Structure formats: C-alpha cells, structure tokens
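Below is one structure, written out as structure tokens; comments come after it.
Every number in this text was worked out from the coordinates using simple rules, so none of it is lab data. Source: prediction; values computed, not measured. All Cβ positions, glycine included, derive from the backbone under ideal geometry; neighbour counts span all protein chains shown.
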Amino acid sequence: MHQAIPYSYKTYFPTTIGLSRDTSTTATTTTTSVADATNVGKLVSENAVIVFGRRGCCMCHVVKRLLQGLGVNPTVSEVDDQDEVAVVNQLLRIIGVDQKSGGPDGSSVQFPVVFVGGKLFGGLERVMATHISGELVPVLKEAGALWL
C-alpha cells in the first residue's frame, strides 16, 4: 500500500545544493500577528494591491487567484482568529470609519478586504463585479499593479 503525500501549496525543485522553492507563481503571503496589527497601515500604503483575509479563507483564495490570473502579484495578509479584532479596528481606522458603529451601514469590515493603491477597493463581490464589467484592469493599471 502506498502512503499519501501531504498537500503543500509550495513547489520544491531539486537543485545541486539541495531544495529550492519556486516563487514565480506564488503570491507574497504574510501572517499578521498582534504585534503586527499596528503595522496594517504601513502594509496598505507600501503595496499596490493587498488582500486581508482569514487564515484558510476560500474567498481570499479566490480573490488572490483572480488577481494572479490578471498578472498582479498581490500581497496577502492572513489574519489569525485571535488577531482579527485588532486588525479590523486598524482597517476601520485606515478607512476613516468610527470603530464603534462600523461601516456606513453599521456593519464591520468583512474579509476578504482588498486595498488597491492604498485605498479600500472592497471585497470579493466588488472585485468580481469590476472584473466582469471590465473596469478592474484599468484600476489596477492606475494603481501601478499592472504594466500592460
């Protein structure tokens, strides 16, 4: 009987020295911790496109794959459950919304959250809608995330 090989999103190729990771097709993924929750604003301002999502969130994966399919290599920040409140508060502060009331309709930030060019772009629905309407590529070009 054969033993199953565990799945890994990282691809390794043997070299003469040892093993090396193929980073040509992977997005930059960072994990946000409580200490890094104060650096959320810095992450947003330093990256042309950044996606904040819960660790293991399938919708975050969908957004990441859509952007990669367009030629964008987004930075993805995976937020742990225990750090979610701190990160959401920082995102609300960046957006300029009162942390007590939440968003314009009284709701809080919902993951995944996409920032393009340092400004809140929206979530999965907004990314998909602008992609279908053909407006996403010009927005990404304007932000400097695409060089077509």
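The stretch between GLN110 and TRP147, if pulled fully straight at 0.36 nm per residue, gains 10.4 nm over its current Cα-Cα span. Annotation: amide H of ARG54 within the under-5 Å range of VAL79, sequence separation 5 or more or interchain, hydrogens built in the peptide plane. Taking the Kirkwood radius as Rh and the Cα radius of gyration as Rg, the stretch 39-99 has a ratio of Rg/Rh equal to 0.99. Scanning residues 5 or more positions from GLY122 or on other chains, those with amide H under 5 Å from its amide H are VAL114, with H placed 1.01 Å from N in the peptide plane. Subtracting the Cα-Cα distance of LYS42 and LEU66 from 0.36 nm times their residue separation leaves 6.2 nm of extension gain. CYS60: net charge of surrounding residues, Cβ under 11 Å, Lys/Arg +1, Asp/Glu -1, itself excluded? With Lys, Arg at +1 and Asp, Glu at -1, the net is +3. Summing charges over neighbours of VAL116, with a neighbour being any other residue whose Cβ is under 14 Å away from its Cβ, gives +1 when K and R count +1 and D and E count -1.
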